[in-house]
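The values are calculated or read from the model by the stated rules, or taken from the named source; none is laboratory data. What you are looking at is a predicted structure, and each value in this text was computed from that prediction instead of being measured. Positions of Cβ are backbone-derived with ideal geometry, glycine not excepted, and every protein chain shown enters the neighbour counts. When the accessible area is computed, the model is the full protein with side chains, heavy atoms only, and any ligands, DNA or RNA have been set aside. Shrake-Rupley method; radii C 1.70, N 1.55, O 1.52, S 1.80 Å.
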Amino acid sequence: MSTVFAVVLGITERQVVAAALAGEGVTPGLDPGQFASQISSQTRDPALIKALLLIFHQMVMISSITLLIATFATSVIFNVISAIIIYICGHLEGLARESWLGDPSIIKKTLLLLVTFLIPDLGSLDVVDHVVIGRPVAWAYVGKTIGYAVFYSSLALAAAYCIFQEKEI
Amino acid sequence: LHFPGKGNLIVVTGIPRLALRLLPIILLGLPIKVLMEKPIHQYRLEHKLAGPRVSMDVRDKVGQNMAVAILGGFRGFVSDIIWIMQVHISWENEIWYKLKEGVELAALLQPHSKFFWDTGAWHMAWNASYAESINQRYTREHRKKVEKAWIQEGRDFLQKGVENNPDDYLLYHRMGWLYREKMEDPAGAIPYLKKAYSFPEAPLFVGTMVGHMCVESGKHREAWEWWKHLWLNPRDGESEPLRARILRWGIESEEKLALPEHERFFSLQKNSLKLDPNR
């Protein structure tokens, strides 16, 4: 997927740069050459690597949870649907954690506790939108989130290993 | 549990054994997971990486399916869809209230995307205001009033954009441009253009715009000082023709101010350029 992305990006860059050098869509007051070099620097932005790395680790996390579910699920459909639901819940985990800290109700707190503890925070790996519009994302943040993803994936895989060992094949 | 000579006293098999194995993962691993999330969450809050909350109001506007997509991490995708399906089509059909709603929603979902603020403000202050200014359904007085109201809407919208993106020159420049072109207030444009030019990545024409706004608003002393500032602090990429133009504008300001010979600055700089400033 990353290779396809790089190829599409490269082709698009060439087309847009050629159009800019021909004077199309250039910001008034800017030299076409300067405008073209701005386009090239944006398409070759190293921050894209951060976004790709985080997407990859997000996928690793979801795959490891899916694998965990597969060790006890008997239906493929159940497995797929669970993965989709976890993907959606994973983006809401941050919200659940905030509510867990703020909500006084014991029943709600218990439910939110389960979500907070079991579901991974996929939202923290979602920085593509920010990278695309040129907002800075520190390598330190990328490192922390990758560490978090590796840790959570290891937990899920360890649990999957334990369950699978008990399984009669 | 195995005791020598007595054999196994307790044998754990099946589900209880599994529970025993999973217990350390749950008791140790999951609290560590929550602790690891804390600094990540803190960073996201500090650097505004977490998007705005999806309130009931937003949910009502986007519909239930789109709300789920937003919650599921497809915020950028949803805002693009809203832009294409609602904003662009409303623009083509000239349904301005619907356009405004879509523009605000897209910007709310992606508050750090300058495109939504910039183009949204342009739709309101330029397209909607002009369309309403020639709308024959209104009386002449009402047309003027509605036109002004749309320009104000565009200005207010852009102001929100500036507040959400204070670290970029683009929206400050657009605000200056709006003040000049639509509000006919070149003096009001000056602070925004100056702010825009304070960013090193701002194009050179933003700097010269500041001087022109000073001239247009009759602030010739300020214009002269600004030309001097540009002259003394050249930026990378400044060409000789541009320097010559700054020199010419500086001399014009000195003439407007009727400065005495000893106070003049630009008149003394004429020989420093190869190009003729009068050209």
Task: For the stretch A:110-169 versus the stretch B:168-228, the gap between their alpha-carbon centres in whole angstrom - done: 47 Å
Open item on the list: How large is the convex hull of the C-alpha atoms of the stretch A:39-101 per residue, in Å³?
Closed with: 128 Å³
Open item on the list: Students often check this: by mean Cβ neighbours within 10 Å, which of A:17-24, B:192-199, B:36-43 ranks highest, and how do the rest follow?
Closed with: B:192-199, B:36-43, A:17-24
Task: Ranked packing of B:92-98, B:156-162, most packed first, by mean Cβ within 10 Å - done: B:156-162, B:92-98
TODO: Mind grabbing the base-10 log of I(q)/I(0) for the protein assembly as shown at q = 0.09, 0.10 Å⁻¹? Debye formula, identical points on the C-alpha positions, no solvent, two decimal places.
DONE: -0.78, -0.91
- [ ] Return the distance in nm (one decimal) between the two label points of a simple spin-label model at A:Ser63 and A:Asp31, each offset 7 Å from Cα along Cα→Cβ.
- [x] 4.7 nm
Open item on the list: Give the average, rounded to an integer, of partner chain Cβ atoms located within 10 angstrom of each Cβ in B:24-30.
Closed with: 4
Task: the stretch B:172-279, dipole about Cα centre (Lys/Arg Cβ +1, Asp/Glu Cβ -1), debye to the nearest 20 - done: 140 debye
- [ ] For chain A, report the accessible area per residue in Å² (1.4 Å probe, heavy atoms, rounded to an integer).
- [x] 56 Å²
- [ ] Please give the calculated 222 nm ellipticity per residue for chain A, where each DSSP H segment of at least 4 residues contributes -39500 (n - 2.57) and the sum is spread over every residue; nearest 500 deg cm²/dmol?
- [x] -26500 deg cm²/dmol
Open item on the list: Please report the equivalent ellipsoid semi-axes of the stretch A:110-153, computed as sqrt(5 x eigenvalue) of the Cα gyration tensor, largest first, in whole Å.
Closed with: 25, 13, 7
Open item on the list: Checking an interface number: how much accessible area is buried between A and B, summed over both chains, with a 1.4 Å probe, in Å² rounded to 100?
Closed with: 3500 Å²
TODO: Return the carbon/sulfur percentage of the accessible area of the stretch B:68-146, one whole number, probe 1.4 Å, all protein chains in place.
DONE: 59 percent
Open item on the list: Given a 1.4 angstrom probe, I'd like the percentage of the accessible area of the stretch A:50-96 that is carbon and sulfur, rounded to a whole number.
Closed with: 85 percent
- [ ] State which helices in chain A qualify, where a helix is a whole DSSP H run, it must extend 27 Å or more along its own axis by its Cα atoms, and its mean Kyte-Doolittle hydropathy must be at least -0.5.
- [x] A:2-21, A:47-72, A:76-102, A:139-166
- [ ] Express the Stokes-Einstein translational diffusion coefficient of the stretch B:132-222 in µm² s⁻¹, to the nearest whole number, given a Kirkwood radius over alpha-carbon pairs, 25 °C and a viscosity of 0.890 mPa s.
- [x] 174 µm²/s
Open item on the list: What does the structure give for B:201-209 when I average, per residue, the other chain Cβ atoms found within 10 Å of the residue Cβ?
Closed with: 2
Task: Inter-chain Cβ neighbour average for residues B:33-44, partner chain, 10 Å - done: 6
